[in-house]
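Each remark here refers to the structure printed beneath this line.
Every number in this text was worked out from the coordinates using simple rules, so none of it is lab data. Please read these numbers as outputs of a predicted model, since none were measured by experiment. Cβ coordinates were reconstructed from backbone atoms using ideal geometry, including for glycine residues, and neighbour counts include every protein chain displayed.
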């Protein structure tokens, strides 16, 4: 398979994991070249979205130096562009809660970060409403209840919890506000510890 095809398939797998089984994902990543690109994407995406003191350019230079005999710069650049294109994908990981006593002590210190990305306005679009330009929002180790409060408010939905425990699950979640409510709820429903569905304008959490 050509390198460009490998990159396209890898980016599609990252953006639409629901289209691939676990076995298919493992098979894709068995390819050494594809796995190298995947590692670059993970490292670059982490630097791009989470950490202020990680130099993305330095990350790419290190990758290029390490693999200069295997990959051309144009291929590496293609992967980096792919990272930027799919950086708005929805991703989440459940972080298990600490014990109740520990949680009470560190509750204030553990408040997660909520970051809203607002694209820069062009001169011609200076009259655009600020809220309308906010297309993305990231939740970093934030409770599910907080995430769903924002989402339900945005889409004008009601949230029903069938278990209080699920309210306090902490997630890393990237919300693309250009997607409809059904797509967002489907993305949130990919985890074993929680079941989230959208029925008749209600988000049900079990």
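Summary of computed values
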| quantity | calculated |
| --- | --- |
| Two-site FRET efficiency, residue 165 against residue 186, from Cβ-Cβ distance with R₀ of 22 Å, rounded to 0.05 | 0.50 |
| Kirkwood hydrodynamic radius of the range 153-206, Cα pairs, Å | 11.7 |
